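First up is the structure itself, then whatever we jot down about it.
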Amino acid sequence: MREVNLIIDGIPVTAREGENLVEAAKRVGIIIPTLCYLKDLDVVSACRMCLVKIEGIPKLMTACSTPVSDGMVVETENEEIVNHRKMLLRLYLDNHPNDCLTCQKAGECELQNLSYRYSVTFREHDGARRGNKYAEFSDTSSPYILRDESKCILCGRCVRTCAQVETRNVLTFAERGFVTKISADADQSLEESTCVSCNRCVTACPVGALMDRRAYGKTRSWSAKVKGVKCKACDYGCNMEILYDKDVPVAVRARDPQGRCRPLCLRGRLATELEYVYGPDDPYVKVETEDGNKFEKATWARALELEGVLEKLRILEEDDHE
């Protein structure tokens with residue numbers, strides 16, 4: 001692929017033709033702030049945090065959707081850009097509960113990190129809010145995922161990563177305007193919906209709107225020791241992380257689904273958890289009932305779809321002893 005040369009914040013950069021400005025800037029250590037952008041997801045330019053100034057263009061441009069070109073001169077931060085980002089962050093925080101001290105996402109929250117970077121704080125107001133003023137889980141029906149709509153910033157990452165696996169497509173935008181929200185299927189709970197608990201959405205969420213329930217409360221980001229491993233359940237080899245608290249493995253969480261290449265699945269995550277975690281929580285499976293989909297506690301053999309294999313092994317062992 002042809003390479004192009006450009007200038008970003010006074011630094012010469014060589015990038016691949018077609019590469020966007022966010023990725024090109026990373027090559028020289030410049031981090032352009034984003035909330036809706038992830039490299040392996042379709043670009044939507046929804047959050048507007050990545051606006052930059054390009055020489056010769058009168059308006060600010062979104063770096064995530066602007067491809068590099070030869071001779072391009074880009075400024076990623078000036079007074080106009082910083083003021084714009086501060087304004088956006090204030091609007092995000094105006095619709096966000098102030099519970100950073102107790103939020104499980106603290107230390108890893110991208111909204112928190114950007115607010116710190118630009119010195120933007122919460123402010124009291126009597127205006128309308130999309131969600132609750134105080135943090136509260138809006139969907140606790142799943143034993144694997146917790147939802148808090150009051151923290152959702154409508155970046156759409158969860159919707160796009162869910163849609164990358166053709167057999168899923170569970171999450172979508174619902175309603176319009178100020179009351180827009182993320183919905184599972186026909187505005188159902190995660191238990192009622194066709195969600196398969198793969199946790200792709202959780203790995204993509206930049207804030208605390210979607211949390212891994214089995215890792216929730218087990219440790220904090222700044223005190224946890226983290227070890228990366230590959231899932232062994234199939235040839236995809238999805239990325240997982242083992243979380244340690246005081247050198248004791250307490251939880252597993254999925255990481256980096258990497259687009260359509262690695263889909264992530266509940267079976268693989270549970271298999272990894274059983275292999276590494278000391279005293280893992282009981283697994284659950286979703287079953288169809290007359291009243292719709294329901295989660296029910298299951299044995300590990302059932303959750304890992306190994307009942308048939310284990311029964312056959314038992315029979316073979318009995319035959320060997322005869």
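Read the figures in this text as sums done on the coordinates, not as results from a lab. Keep in mind that this is a model prediction, so the values were computed, not measured. Note that each Cβ is placed from the backbone with ideal geometry, even for glycine, and that neighbours are counted across all protein chains shown.
With each label modelled as a point 7 angstrom along the Cα→C-beta vector, the Asp70-Ala174 pair spans 5.2 nm.
Can you work out the FRET efficiency for the pair Val248 and Lys297, with r the C-beta to C-beta distance and R0 = 25 Å, to the nearest 0.05? Rounded to the nearest 0.05, the efficiency is 0.55.
How would region 86-220 be classified by its alpha-carbon gyration tensor: rounded, prolate or oblate, with rounded meaning a/c under 1.5 and the a/b versus b/c comparison settling the rest? If you can, show how the numbers build up before the last one.
Values: a/c = 1.79, a/b = 1.43, b/c = 1.25.
Taking the square roots of the gyration eigenvalues as a ≥ b ≥ c, region 86-220 is prolate.
Where the only charges are on Cβ atoms (+1 Lys, Arg; -1 Asp, Glu), what is the dipole of the chain about its Cα centre, to the nearest 20 debye?
Rounded to the nearest 20 debye, it is 1140 debye.
Distances between every pair of Cα atoms in region 1-143, grouped in 10 Å steps from 0 to the bin holding the largest one, split as 10, 35, 30, 16, 8, 0 percent. When peptides 52-63, 240-251 are sorted by average Cβ neighbour count within 10 Å, with the highest value leading, the order is 240-251, 52-63. Region 231-285 and region 84-153 have Cα centres lying 27 Å from one another. Taking a ≥ b ≥ c as the square roots of the eigenvalues of the alpha-carbon gyration tensor, the chain is classed prolate because a/c is 1.5 or more and a/b outweighs b/c.
Which shape class applies to region 174-322: rounded if a/c is under 1.5, otherwise prolate when a/b exceeds b/c and oblate if not, where a ≥ b ≥ c are the square roots of the Cα gyration tensor eigenvalues? Oblate, since a/c reaches 1.5 and b/c is not below a/b.
The charge dipole of region 219-281, taken about its Cα centre with unit charges on the Cβ of Lys, Arg, Asp and Glu (plus for the first two, minus for the last two), comes to roughly 200 debye. In the chain, the DSSP-assigned H stretches of four residues or longer account for a calculated mean residue ellipticity at 222 nm of -6500 deg cm²/dmol, using -39500 (n - 2.57) per stretch and the full residue count as denominator. Using R0 = 25 Å, the C-beta based FRET efficiency linking Asp281 and Tyr134 works out to 0.40. DSSP assigns beta bridges within the chain; of those with both partners inside it, close to 95 percent run antiparallel.
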